[in-house]
Amino acid sequence: MAEPVYTPIIQIFKGLWRYLGLRFIIHGEANLPRSGSALLAMNHVGYLDFALAGTALLPSGRVARFMAKKEIFDHPIAGPLMRGMRHISVDRRTGAPSFVAALKALKRGEIVGIFPEATISRSFELKAMKNGVVRLAMESGAPVIPVVIWGSQRVWSKGLPRDFSRAHYPIIISIGVPLRFGADANPDEALQQLRSRMQEIL
């Protein structure tokens, strides 16, 4: 499928990574599916996490539709780009439309990226997680792939000064073994299983 907006954005971020001298260390690339739907459940330690996770996907030939807060889509510059890349807007006051949009993307065989913590963790440890990701897995049949990112907090994170110097920070992205949750799974128990797996990787 042609990606007229996504493709040039990928090139821009590749250029940014080269400028910053980031050193990518990616574990578990074999756990990424080359075809079919999947959910990426990611921790959240910095503002660039979505782009870093997307970079880890590139060797598999896939892109993800990331779920992101509505405020980004309301931005006059970022909004058109997010819509052009077909990311999914999340209104925190009402989650039903974003759930349906994510489910449709999964039914099309796409990868959907979710930050179950819903916000950046200032402690860089896992915060409480919302169960939307496991409910999507239960309804769609798509596997949930736990992804843990470490190092992006050194570049740009909440409450800390940005460091866009060429510091050559290592960025570690660990991709876990996919988890599957049946339609009759208990969402809370499934979420705890996912959180435990992400905690082990972290």
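Output the number of the condition that VAL133 fails; it satisfies all remaining conditions of (1) over 20 Å from PRO4 (Cα atoms); (2) without any contact (Cβ under 8 Å) to a residue 40 or more places away in the chain; (3) assigned to a helix (DSSP H, G or I).
Result: VAL133 fails condition (2) only.
Take the stretch 33-67 and flag every residue that is touching a strand residue (DSSP E or B) at 6+ places or on another chain (Cβ under 7 Å), of a type in the set (A, V, I, L, M, F, W, C) and open to solvent by less than 20 Å² (accessible area, probe 1.4 Å).
ALA38, LEU39, LEU40, ALA41, MET42, VAL45, LEU52, ALA53, ALA56, LEU57, ALA64, PHE66
Would you call THR94 loosely packed, with under 13 Cβ neighbours inside 10 Å and β-branched (Val, Ile, Thr)? Give the derivation first.
On the way: loosely packed, with under 13 Cβ neighbours inside 10 Å: yes; β-branched (Val, Ile, Thr): yes.
So THR94 passes the test.
Out of GLY182, GLY159, I need the residue that is in a loop (DSSP other than H, G, I, E, B) and either touching a residue at least 40 places away in the same chain (Cβ under 8 Å) or among the aliphatic types (A, V, I, L, M) (or both). Which one?
On inspection, the qualifying residue turns out to be GLY182.
Only one of GLY95, GLY54, GLY15, GLY84 is without any contact (Cβ under 8 Å) to a residue 12 or more places away in the chain and either hydrophobic (A, V, I, L, M, F, W, C) or at negative phi (or both). Can you tell me which?
Numbers: GLY95 fails: without any contact (Cβ under 8 Å) to a residue 12 or more places away in the chain; GLY54 fails: without any contact (Cβ under 8 Å) to a residue 12 or more places away in the chain; GLY84 fails: without any contact (Cβ under 8 Å) to a residue 12 or more places away in the chain.
Result of the check over GLY95, GLY54, GLY15, GLY84: GLY15.
To keep it simple, each residue is scored yes or no on (1) of a type in the set (Val, Ile, Thr); (2) under 24 Å from ILE25 (Cα atoms).
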site: ALA102; (1), (2): no, no
site: VAL112; (1), (2): yes, yes
site: MET129; (1), (2): no, no
site: ARG135; (1), (2): no, no
site: ILE145; (1), (2): yes, yes
site: GLY151; (1), (2): no, yes
site: VAL155; (1), (2): yes, yes
site: TYR169; (1), (2): no, yes
site: LEU194; (1), (2): no, yes
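So that you can scan it fast, the table gives a plain yes or no per residue for (1) in contact with a helix residue (DSSP H, G or I) (Cβ under 8 Å, 6 or more places away or on another chain); (2) in a loop (DSSP other than H, G, I, E, B):
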{"position": "ILE149", "(1), (2)": "yes, no"}
{"position": "GLN153", "(1), (2)": "no, no"}
{"position": "ALA167", "(1), (2)": "yes, yes"}
{"position": "ASP188", "(1), (2)": "no, no"}
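Check ASN131 against each of (1) open to solvent by 70 Å² or more (accessible area, probe 1.4 Å); (2) at pLDDT 95 or above; (3) of a type outside the set (A, V, I, L, M); (4) touching a helix residue (DSSP H, G or I) at 6+ places or on another chain (Cβ under 8 Å) and name the one condition it does not meet.
Condition (1) is where ASN131 drops out.
Being open to solvent by 20 Å² or more (accessible area, probe 1.4 Å), in a helix (DSSP H, G or I) and of a type in the set (A, V, I, L, M, F, W, C) is the requirement here; does PHE73 meet it?
no
Any residue in the stretch 115-123 that is free of Cβ contacts under 8 Å to residues at least 60 places away in the same chain and either under 27 Å from TYR19 (Cα atoms) or out of contact with any strand residue (DSSP E or B) (no Cβ under 9 Å at 6 or more places or on another chain) (or both)?
Yes, the conditions are met somewhere in the stretch 115-123.
The values are calculated or read from the model by the stated rules, or taken from the named source; none is laboratory data. Remember, it's a predicted structure, so these values are computed and weren't measured experimentally. Here Cβ is always computed from backbone atoms with ideal geometry, including for glycine, and neighbour counts include all displayed protein chains. For accessibility, only protein heavy atoms count, side chains too; no ligands or nucleic acids. Shrake-Rupley method; radii C 1.70, N 1.55, O 1.52, S 1.80 Å.
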